[in-house]
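J.: After the structure tokens below, expect a handful of questions from me.
The values are calculated or read from the model by the stated rules, or taken from the named source; none is laboratory data. Worth saying up front: this structure is predicted, and the values here are computed from it rather than measured. Glycine gets a Cβ as well: all are built from the backbone with ideal geometry, and neighbour counts include every protein chain shown. Ligands, DNA and RNA are excluded from the accessible area calculation, which covers all protein heavy atoms including side chains. Shrake-Rupley method; radii C 1.70, N 1.55, O 1.52, S 1.80 Å.
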Amino acid sequence: SQQGEEDPQALSIQEGENATMNCSYKTSINNLQWYRQNSGRGLVHLILIRSNEREKHSGRLRVTLDTSKKSSSLLITASRAADTASYFCATEGGNSGGSNYKLTFGKGTLLTVNP
Amino acid sequence: EAGVAQSPRYKIIEKRQSVAFWCNPISGHATLYWYQQILGQGPKLLIQFQNNGVVDDSQLPKDRFSAERLKGVDSTLKIQPAKLEDSAVYLCASSSHPVGPYNSPLHFGNGTRLTVT
């Protein structure tokens with residue numbers, strides 16, 4: 001079963017606006033990762049936030065993590081048409097044991113940035 | 001560094017036929033993954049290797065799917081016989097660290113799009 005659930009399923013904005021996507025999960029995690037997937041391509045890693053971190057930045061990306069609410073958000077500032085893609089959150093289990101160290105993906109948010 | 005290579009990019013087969021996908025991970029990456037991504041959904045893990053050993057294959061339909069990782073480098077995923085519901089993109093990924101709490105991201109190939117008619 002998939003751990004993360006992204007919200008919204010689809011988001012359409014104008015170039016220059018900010019885009020916020022949310023992810024909720026159910027069990028304890030070691031880290032949470034965000035990936036981007038352009039149409040017909042593989043996934044590209046964007047940012048990883050550890051369970052003991054609350055916020056991380058990378059360029060125009062800002063990720064927050066609230067482990068008490070089991071939720072994360074991805075903010076893309078000053079969006080561009082090239083940001084049009086699907087965005088997935090993925091969680092890595094937080095318990096010991098090899099089978100927990102696998103990445104489980106949500107269903108993704110389809111972001112469309114209109115020029 | 002070169003990325004994860006997958007072939008073929010596209011494959012169309014009839015149901016009950018067999019098909020194989022190939023993956024060459026980033027050089028030196030210990031862990032290799034096969035994911036299945038059905039249209040409109042997120043990737044679902046099929047099997048996870050560390051070097052040439054299987055770490056997790058709990059979601060692999062073993063009656064029809066098989067995978068191997070020869071010498072801990074390249075990997076092949078096979079489906080025999082294929083069903084209509086196997087139509088999906090099959091993604092290979094690798095990561096630099098062995099399985100464990102190393103917080104290392106996955107590097108994905110562009111996938112193989114399989115259509116079963």
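J.: Considering only segment B:26-58, how many residues are among the polar types (S, T, N, Q) and buried (at least 17 other Cβ atoms within 10 Å of the Cβ)?
T.: Residues that pass the stated criteria total 5.
J.: Next question, about the same structure. Taking into account only those residues within segment A:69-95 that are polar (S, T, N, Q) and modelled with pLDDT under 95, which is least open to solvent (accessible area, probe 1.4 Å)?
T.: Applying the filter and picking the extreme gives A:T91.
J.: Here's a check for you: in segment A:9-33, which residue that is within 14 Å of chain B (Cβ to nearest Cβ) and not in a strand (DSSP E or B) is surrounded by the fewest Cβ atoms within 10 Å (Cβ to Cβ)?
T.: Filtering first and then ranking leaves A:Q9.
J.: A follow-up question, please. Suppose the filter is of a type in the set (A, V, I, L, M) and touching a Pro at 6+ places or on another chain (Cβ under 9 Å); does A:L74 pass it?
T.: No.
J.: Of everything in segment B:1-17, what is open to solvent by 70 Å² or more (accessible area, probe 1.4 Å) and modelled with pLDDT of 95 or more? Give them in sequence order.
T.: Matches in segment B:1-17: B:R9, B:Y10, B:K11, B:I12, B:E14, B:K15, B:R16, B:Q17.
J.: Can you find a residue in segment A:45-64 that is away from chain B (no Cβ under 14 Å), touching a strand residue (DSSP E or B) at 6+ places or on another chain (Cβ under 7 Å) and under 15 Å from A:Y25 (Cα atoms)?
T.: yes
J.: Still on this structure, I have one more. Scanning segment B:83-117 for residues that are at the interface with another protein chain (Cβ under 7 Å from one of its Cβ atoms) and more than 17 Å from the chain's Cα centre (by Cα), which turns out least open to solvent (accessible area, probe 1.4 Å)?
T.: Here the answer is B:G100.
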